[in-house]
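> Before we start, here is the structure in question, set down as structure tokens.
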Amino acid sequence: VDIPLWWLLVLPLFFACGWLAARIDIRHVMRESRAVPRSYFQGLNFLLNEQSDKAVEAFIEAARVDPETLDIHFALGNLFRRRGETDRAIRVHKNLVERDGLNEDQRLNALCELGQDYLKAGILDRAESIFLKLRHTARDEEALRHLLDVYQQEQEWEKAIACARDMPTTTDHLWHTAIAQFYCELAGAALLRGQTPQAREALAQAMAVNRKCVRASLLLGDIELQSGHPQAALAAWLHIEQQDPAYLALVGARWGEAWRACGQPGQDAVLLRGYLERYPTLDLLDAAFDAELKAQGQSAAYTLVRNELRRNPTLLGLGKLLEARALVVSEEDRDDLEMVKTLVHHHTRRVARYACRQCGFKARTFPWRCPACGGWETYPPKRTEEFDLTP
Ligand SMILES: [Zn+2]
């Protein structure tokens, strides 16, 4: 092959150029990296090696040397909090709060993050004092939201009410529902201390905030029944039909107690049969069955469940029917029935729960507040099976 001689001269020149270009690039990188403090790379290294404590030290050192690292610190603090390493998140954010040269917006941001760290760590008094500092600043609404969280955890209902009342009306959350529930909590606490007048006052407030507050009606009925006013108790509970008839079953066996105290035993069976006709739910079927059993006896109770099952066929209703049937059959048939009943119960346990509308968390007994997401009145008073059936 014939290669011109001058090629032999050009080729090394090319290599020289490439080498030079590479040198320049490396120099550039070296210069850049020298601008970032060494402790930074150390920190990153520690972080990647899961040595969180050393990482925090290194990053805080880097922050001292180079003030241009704010964003990375916020990101780092949030990362620690999300991973549940709240003590480290607190150290990072505390360092930010105490740092000079932050503008107002950054300082408030750092405070807000620190408050959330304390909240997550369960150090509620410190979280409270930080969010109180943030009230009436640009972060007011956020502070209110977190303070509400603190006060609900501490069961400081009066403070929670004050916070919720301060919430801007533009927020989509239905604060009147929550405020009425806070008053119900106050009423419940007052009742435990035996302070009936205070409980009554709190319930009146709950009704004033949210006239649809079923829980207030339930509690008021309890107070009236305990104070020897069964007529007033019945009036309170009957009012639930106007508030939301789905909740009527929550009165349960207390219907019977109040009617008996009024000298009209058995009236609860009549009432509950009517309710079941109009607002059929499984809980109402339970209550109506018990009342019917007491008032009219076993075969009437059985007929009631059978008719209801024909109207609304459910597994839970079938369980109830078997229970009713076991009451009226002969001794030898009862064993077989018990066996079938146990089998059905085994299958219905799963669908006999209440489910949170907001997060889906399931509960065996009816809660006013979701233990998982903290929402108030997020549980419809129906068993999950009833939702599976409705189209
Ligand atoms: Zn929930």
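The values are calculated or read from the model by the stated rules, or taken from the named source; none is laboratory data. This one's a predicted model, so the numbers in the text were calculated from it and none came from an experiment. Heads up, the Cβs are rebuilt from the backbone with ideal geometry, glycines too, and the neighbour counts pull from every protein chain shown. Accessible surface is based on the protein model in full, side chains and every heavy atom, while ligands, DNA and RNA are left aside. Shrake-Rupley method; radii C 1.70, N 1.55, O 1.52, S 1.80 Å.
> Provide a single number: the residues in region 271-299 that are modelled with pLDDT under 95, open to solvent by 30 Å² or more (accessible area, probe 1.4 Å) and not charged (D, E, K, R).
Of the residues in that region, 7 qualify.
> Could I ask something else about it? Only one of 180, 189, 204 is over 20 Å from residue 153 (Cβ atoms) and either at pLDDT 95 or above or among the basic types (Lys, Arg) (or both); which?
After applying the criteria, what remains is 204.
> If you don't mind, there's one more thing I want to ask. Return the total of residues in region 11-35 being surrounded by 10 or more Cβ atoms within 10 Å (Cβ to Cβ), at pLDDT 65 or above and of a type in the set (A, V, I, L, M).
The qualifying residues number 5.
> Say we look at region 126-149 and pick out the residues that are under 14 Å from residue 168 (Cα atoms) and of a type in the set (D, E, K, R); which of these is surrounded by the most Cβ atoms within 10 Å (Cβ to Cβ)?
139
> Can you confirm whether region 353-366 contains a residue that is in contact with a Leu (Cβ under 8 Å, 6 or more places away or on another chain) and under 27 Å from residue 188 (Cα atoms)?
yes
> Could you run through region 43-94 and say how many residues are modelled with pLDDT of 85 or more, open to solvent by less than 50 Å² (accessible area, probe 1.4 Å) and not basic (Lys, Arg)?
Qualifying residue count, region 43-94: 11.
> When you check residue 201 against the structure, is it open to solvent by 20 Å² or more (accessible area, probe 1.4 Å), assigned to a helix (DSSP H, G or I) and within 30 Å of residue 351 (Cβ to Cβ), yes or no?
For residue 201, the condition - open to solvent by 20 Å² or more (accessible area, probe 1.4 Å), assigned to a helix (DSSP H, G or I) and within 30 Å of residue 351 (Cβ to Cβ) - is not met.
> Still on this structure, please answer the following. Every residue in region 355-383 that is among the polar types (S, T, N, Q) and within 6 Å of the ligand (Cβ to nearest atom), please. Talk me through it step by step, then tell me what you get.
Going through region 355-383, the residues among the polar types (S, T, N, Q) turn out to be 358, 365, 378.
358, 378 - these are the residues of region 355-383 that are among the polar types (S, T, N, Q) and within 6 Å of the ligand (Cβ to nearest atom).
> Show me the helices (runs of 4 or more DSSP H) found entirely inside region 230-297 where at least 2 residues are within 27 Å of residue 325 (Cα to Cα) and of a type in the set (A, V, I, L, M).
267-278, 282-296
> Working only within region 176-220, note down all residues that are more than 20 Å from residue 239 (Cα to Cα) and in contact with a strand residue (DSSP E or B) (Cβ under 6 Å, 6 or more places away or on another chain).
178
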